[in-house]
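A short write-up of the structure that comes next.
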Amino acid sequence: MAAPAKKVVKAAVASNPTPKLPKAPLQDPLARDALCLVGFDPEAEQYWVAAINDPSLSSHERQDLIEDLNEEGFLDPKNLTGDDLPLIMSRLALIEQHAADAMDDVNAAAFMEAYKDLWNMYARVAQW
């Protein structure tokens, strides 16, 4: 390869970091759907609890199902209103109910992250 071509390749590599690999398909896409209704629908919540405690799901999928409690199900999670408080409070209570029985360290850490995020959301909306 000629010297100018090497510079072009190096510049292209430097400006385009390694692309992210596509995410693996979800093992339980219905759990993702249920997540949107956690805090509103008891049946969806039961399905979600079973999924986050399913050892056949990857730890990453279980982690996302827990940590995304602060995103999924809200009309606009970046612009919360007082109307979002009941869902926030319901999900905080849900975490308090299930975190102590986390099936592993991944779930336990995900519960703590979700709790922190939801608490911050509550504080923003309630303007503490």
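When you filter the chymotrypsin sites (Phe, Trp or Tyr not before Pro) in the range 24-75 for DSSP loop state and at most 16 other Cβ atoms inside 10 Å of their Cβ, you are left with Phe40. Taking a ≥ b ≥ c as the square roots of the Cα gyration tensor eigenvalues, with a/c under 1.5 meaning rounded and otherwise prolate when a/b beats b/c, else oblate, which class fits the range 27-126? Prolate shape, in that a/c is at least 1.5 and a/b is the bigger ratio.
Within the shell of other residues whose beta carbon sits under 11 angstrom from the beta carbon of Met121, the net charge comes to +1, with Lys and Arg scored +1 and Asp and Glu -1. Would you please state which residues of the range 80-98 a label at Ala108 would reach in this model, taking the label point 7 Å out along Cα→Cβ and a backbone N cut-off of under 16 Å? Residues 96-98 fall inside that zone.
All of the numbers you see were taken from the coordinates with simple rules; none came from a lab. Computed from a prediction, not measured in an experiment: that's the story for all the values here. Ideal geometry is used to build each Cβ from the backbone, glycine not excepted, and the neighbour counts take in all protein chains shown.
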